[in-house]
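These notes are about the structure you will find just below.
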Amino acid sequence: MNFKSTVAELLQVALDENPSLFLIELKIGSDNSIRILIDGDKGVTLEACIAVSRQIEHNIDRELHDFSLEVSSVGVGSPLTMPRQYEKNVGRSLEVTTAEDEVLTGNLTQADQEGITLEWKAREPKPIGKGKVTVTNIKTLPFASIKNAKVIIK
């Protein structure tokens with residue numbers, strides 16, 4: 001079994017032990033530097049990162065493989081990349097850039113495996129007469145049409 005598949009299997013064991021965690025990214029460099037980025041349905045604690053790190057580090061023989069290991073959680077301002085990340089952020093404000101480069105800012109009201117629904121209020125001209133009226137806009141976006149999405153921290 002090669003080094004990369006050993007790391008992937010050990011990582012899967014660690015994630016299976018804590019089902020609220022999920023993998024965002026696994027990178028293994030040519031110098032055997034391992035970089036793991038995880039997220040969790042209820043966030044990621046330092047203890048969770050340590051548990052994942054130990055699962056890998058304690059089960060690879062340092063006599064056979066010289067490696068470095070970094071396990072971290074996604075940052076607050078990191079873009080959302082997986083449907084599971086959208087699902088955990090329902091109720092929060094998002095800034096979404098669509099494939100057509102349209103930027104939408106709104107409240108994430110729904111997320112599933114196909115896409116998301118954003119809701120926001122806007123002032124628009126009245127259909128008849130002068131002045132403006134506040135309207136609620138709702139837009140459903142499939143994941144294929146989302147170029148970038150970030151949670152807005154207030």
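The values are calculated or read from the model by the stated rules, or taken from the named source; none is laboratory data. Small disclaimer: the values here were computed from a predicted structure and weren't measured. Cβ sites come from the backbone with ideal geometry, for glycine too, and all protein chains shown count toward neighbours.
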Next on the checklist: Just checking, does the stretch 52-62 include any residue being farther than 19 Å from D16 by Cα and assigned by TED's automatic domain parsing to the domain that holds L11?
Outcome noted: yes
Item to check | Residue count for the stretch 95-126, restricted to those that are hydrophobic (A, V, I, L, M, F, W, C), under 20 Å from K147 (Cβ atoms) and out of contact with any helix residue (DSSP H, G or I) (no Cβ under 8 Å at 6 or more places or on another chain) | outcome: 5
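It is to be established whether one or more residues within the stretch 119-135 are within 27 Å of L15 (Cα to Cα) and aliphatic (A, V, I, L, M). Talk me through it step by step, then tell me what you get.
Applying the first criterion (within 27 Å of L15 (Cα to Cα)) to the stretch 119-135 yields none.
No, the stretch 119-135 has no match at all.
When the residues of the stretch 13-30 are filtered to those that are over 18 Å from the mean Cα position of the chain (by Cα) and without any contact (Cβ under 8 Å) to a residue 12 or more places away in the chain, which remaining residue is surrounded by the fewest Cβ atoms within 10 Å (Cβ to Cβ)? Give the derivation first.
Going residue by residue through the stretch 13-30, those that are over 18 Å from the mean Cα position of the chain (by Cα) are 13-14, 16-17, 28-30.
Restricting the remaining residues to those that are without any contact (Cβ under 8 Å) to a residue 12 or more places away in the chain gives 16, 29-30.
On the way: D16: 10, G29: 10, S30: 5.
My answer is S30.
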Checklist entry - Within the stretch 127-135, is even one residue assigned to a strand (DSSP E or B), loosely packed, with under 10 Cβ neighbours inside 10 Å and not hydrophobic (A, V, I, L, M, F, W, C)? => result yes
Checklist entry - How many residues are in a loop (DSSP other than H, G, I, E, B) and farther than 15 Å from L15 by Cβ if we restrict to the stretch 75-100? => result 13
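Any idea how many residues of the stretch 26-52 are part of a helix (DSSP H, G or I) and within 15 Å of A8 (Cβ to Cβ)?
Here is the first cut: in the stretch 26-52, the ones part of a helix (DSSP H, G or I) are 46-52.
Of the ones still in play, those that are also within 15 Å of A8 (Cβ to Cβ) are 52.
Residues that pass the stated criteria total 1.
Which of the residues that make up the stretch 37-94 are within 20 Å of T105 (Cβ to Cβ) and either free of Cβ contacts under 8 Å to residues at least 24 places away in the same chain or in contact with a Gly (Cβ under 6 Å, 6 or more places away or on another chain) (or both)?
Looking only at the stretch 37-94, we keep the residues that are within 20 Å of T105 (Cβ to Cβ), and these are 75-81, 85-94.
The answer is G75, V90, G91.
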